[in-house]
Each structure stands twice: as C-alpha cells, then as structure tokens.
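Below is one structure, written out as structure tokens; comments come after it.
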Amino acid sequence: MHFTTRFAPSPTGLLHRGHAFSALTAWTAAREARGRFLLRIEDTDFTRCRPEYEIALIEDLTWLGLDWDGPVVRQSERRAAYDAALERLRDMGVLYRCFRTRKELMALAGGAPHGDDPVDARAFTGGPLSADEEAALLAQGKAFAWRLSLAAALGRLGGFDALTWVEETADPGAKTARPETLGDMVVGRKDIGAGYVIASVVDDAAQGVTHVIRGEDLIETTSIQRVLQALLDLPTPAYRHHRLLLGPDGKRYAKRDGSVTLMALREAGVTAEELRAELGF
Ligand code: GLU
C-alpha cells in the first residue's frame, strides 16, 4: 500500500518545539518514501479545542515549510462515524458507563490493590454499576464517561497476546499490546460522544494510514488502540513512536509553557531554517 502518514494535533493550545519535531519527523518520512502526508485536526473535545488554535497551528506548519496532501480533515465534522463505532462497541458489551469524577477515582485507586491482571484494572474505576444504580444516576442527569472494559474485551478477543504491531523506531520489532497498564480507558463521554482514542483509529483506517508516526508518550495508548482495532475489525498500521524532545531543564515540552511556542519563536525573529536545523532537519 502507498506510504501514508499523518500529523494529528489537537487544537487545545499553541504548538511548541515538540510538535515541530513530531510534524517534521512524519513529513520527512512521507516525502522520503514519496508517500502521503495528511493533516488531521483532532478536535473531538469541543470543551477544550478552540478555532484560533487551529488557525495558529496551520500558520505554524506553513511557516515551518510543511505541506500536506489533500484537504485538512477535522474530526468535529466526522462525529457520526466515531459515534457509530462507539455504538458498535456498546452493542458488543465491552463498554460501561463510569460516573465517578477524577477525584473520586484517585481516592479509589489509593485504597485498592493493583495487579497486572486486566480484571483488576476495574479496581481503578470501580467497574460497571448495577442496572438500578445506573438508572438512578442517569435519571439525575449525572455526567458519565464510557470506559472500555478490558475484562470484557479480553473475553471477546480470547486474549491480548495475538494483538501485535510492527514498531519501526529506535526500539524496533514486534510489540504486543499491554492495555493493562492504562486500565479501563475512557473512550467516550456523555457530552462529546466518542473521544480521541476511537476517532483516531477510525480515521487512520478511513484515511488509509500505513504508518502512525508520533511521540513515545502515546505508546500506551497504542495498546488500547490495538484492542479497539481488533474489536472494530480495522487494519493495524505500522507505528514509529519517536523520542520526545526535551527542553533545557530536561523536561518534555508542554503546551502550557508559553515561552517555547512556535508563534513566540517566530515573533522573536527565529527563522524556520534555524529551527529546522536545531531540530536536526
Ligand atoms: N491528537 C493527539 C495529540 O495531539 C495525537 C494523536 C496521534 O498522533 O495519534 O496528542
């Protein structure tokens, strides 16, 4: 299949050096392979995304000298496809509603023993409620998240050991999904419907992505996404989880650190050539 990769930022803040490194890594790989480089805006969470950040990131990428093939895809315009996938998963019985807040879960995790057994992952969330408890909370209009039950997924797939993917980076080889490390992950919410984790696997398949090139901070998410691909009968691309760029303090760049945004660099007179050279491109 024709080499196809993508850069898939969420417009929840301004891009920084780490994003530039990631985008340049994917773009260079696509151009070297004479393949396609797609730009996908992952804006499923309308409570956190802002149009001005989307405008800014397109300006930043253009300034960096990147171009992309085909139109920009916005996940906010493809909600129906993700909600259909969410519904399929719900019909399979591998999702449950979790009404607990983050704070409640932290308290719960503090008191519960954690094992490697996927069934134990429910200890982080309390697992599904009884039908009566759930009906009562729904009647109160309480917010909830849809979580992927690893125990149910394990039962349906008969194990996770066959869920492999090809890793093509510094630590190459065949990797096997270990979704237990993240537990029963949130894959949707009452307010936004299907979230990023589902939207991303649905789109990688729909867009014919052959190579997912992204930071190694997402490697655990890949395990969950590998489970979702198996449940939804979607193909598994090859993955290249690249190293994360570290700032002078040895910490990874974060969106909240305004001083290193590409916009700030640009305004300070740094040229795209200088930044590219600094990042090794
Ligand atoms: N939207 C994700 C982020 O901004 C990237 C997901 C991906 O590349 O698969 O962190």
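The values are calculated or read from the model by the stated rules, or taken from the named source; none is laboratory data. Note that the structure is a prediction, hence the values are computed from the model and not measured. As a convention, Cβ positions derive from the backbone with ideal geometry for all residues, glycine included, and neighbour counts pool all protein chains shown. Areas reflect the complete protein model, heavy atoms only, side chains present, ligands, DNA and RNA absent. Shrake-Rupley method; radii C 1.70, N 1.55, O 1.52, S 1.80 Å.
Checked against the criterion of being among the polar types (S, T, N, Q), open to solvent by 10 Å² or more (accessible area, probe 1.4 Å) and within 19 Å of residue 265 (Cβ to Cβ), the candidates 47, 101, 62 yield just one match: 62. Considered as a group, the residues in the stretch 162-191 that are surrounded by fewer than 19 Cβ atoms within 10 Å (Cβ to Cβ), under 17 Å from the mean Cα position of the chain (by Cα) and β-branched (Val, Ile, Thr) include one that is farthest from residue 38 (Cα to Cα), and that residue is 181. Cβ separations smaller than 8 Å between residues 6+ apart or across chains give the following pairs from the stretch 8-28 residues that are under 13 Å from residue 280 (Cβ atoms) to residues that are near the ligand (Cβ under 10 Å from one of its atoms): 22/7; 22/213; 22/214; 22/215; 25/213. Sub-8 Å Cβ pairs linking a first residue in the stretch 206-230 that is in contact (Cβ under 8 Å) with a residue 60 or more places away in the chain to a second residue that is assigned to a loop (DSSP other than H, G, I, E, B) and within 13 Å of the ligand (Cβ to nearest atom), at least 6 apart or interchain, are 209/237; 210/237; 211/237; 212/237; 214/8; 215/244, ordered by first then second residue. Just to be sure, is residue 220 within 13 Å of the ligand (Cβ to nearest atom), open to solvent by 20 Å² or more (accessible area, probe 1.4 Å) and modelled with pLDDT under 95? Criteria met by residue 220. From the list 232, 246, 265, the one residue that fits, being more than 20 Å from the chain's Cα centre (by Cα), open to solvent by less than 30 Å² (accessible area, probe 1.4 Å) and away from the ligand (no atom under 14 Å from the Cβ), is 265.
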